[in-house]
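Enquirer: Below: one structure in structure tokens.
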Amino acid sequence: MNWIYKNQEISDISQFPKNTFGFVYKITHLPSKKSYIGKKFLYHQRKVKLGKKELAQYEGVVGRRPAYKIAIKESNWKNYYGSNKPLLELVNGELEKNFSKEILFVASTKKLLTYYETNHFVNLT
């Protein structure tokens, strides 16, 4: 099952608006009408130690040489169902058609993403 954003199905990362960092989502269990709201990053960053060949490129360079590089890869956003344990138990026990996955907001920065998620919770109460 794919995500729905502005009444369109999203199945590829290229379908997101340009410079999208992540999104705020709502997953609804259709039979019970229970829902879960969260945020998801589109990319993960991690530090990877440089190998011998990469370190050799910095020989003779004045100053401190780097020990790590930043590796960026796409997250598991396509088949993500959140971190809520009761929701995950429902997902494992039922068919995919009993759930809807909706993207509420897209954000270009981590701070904006957190703001949208928090603001959405405040507006619900």
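Enquirer: Quick test for you: out of Leu42, Leu55, pick the one residue that is more than 30 Å from Val24 (Cβ to Cβ), aliphatic (A, V, I, L, M), open to solvent by less than 50 Å² (accessible area, probe 1.4 Å) and without any contact (Cβ under 8 Å) to a residue 40 or more places away in the chain.
Expert: One residue alone meets the criteria, Leu55.
Enquirer: What pairs come out if I take residues in segment 95-124 that are surrounded by 12 or more Cβ atoms within 10 Å (Cβ to Cβ) and pair them with residues that are part of a helix (DSSP H, G or I) whose C-beta lies under 6 Å away, six or more apart or interchain?
Expert: Phe105/Tyr116; Ala107/Leu113; Ala107/Tyr116
Enquirer: Quick one: in segment 21-46, which of the residues that are aliphatic (A, V, I, L, M) and under 30 Å from Lys69 (Cα atoms) is farthest from the chain's Cα centre (by Cα)?
Expert: Per the stated criteria, the residue is Val24.
Enquirer: Which condition breaks for Lys18 when tested against (1) basic (Lys, Arg); (2) over 17 Å from the mean Cα position of the chain (by Cα); (3) exposed (fewer than 10 other Cβ atoms within 10 Å of the Cβ); (4) under 24 Å from Asn119 (Cα atoms)?
Expert: The single condition Lys18 does not satisfy is (2).
Enquirer: Restrict the check to segment 74-95 and report whether at least one residue is assigned to a strand (DSSP E or B) and at pLDDT 90 or above.
Expert: Taking every residue of segment 74-95 in turn, at least one turns out to be assigned to a strand (DSSP E or B) and at pLDDT 90 or above.
Enquirer: Where residues in segment 24-58 are small (Gly, Ala, Ser) and within 19 Å of Val91 (Cβ to Cβ), which of them is modelled with the highest pLDDT?
Expert: Going through the qualifying residues, I end up with Gly38.
Enquirer: Of the numbered conditions (1) at pLDDT 90 or above; (2) open to solvent by less than 80 Å² (accessible area, probe 1.4 Å), Gly63 satisfies every one except a single condition; which is it?
Expert: (1)
Enquirer: Scan segment 21-39 for residues that are open to solvent by less than 50 Å² (accessible area, probe 1.4 Å) and among the charged types (D, E, K, R) and report the count.
Expert: 0
The values are calculated or read from the model by the stated rules, or taken from the named source; none is laboratory data. Note that the coordinates shown come from a computational prediction; the quantities given were computed from them, not determined experimentally. Cβ sites come from the backbone with ideal geometry, for glycine too, and all protein chains shown count toward neighbours. Just the protein is used for accessible areas: all its heavy atoms, side chains included, with ligands, DNA and RNA removed. Shrake-Rupley method; radii C 1.70, N 1.55, O 1.52, S 1.80 Å.
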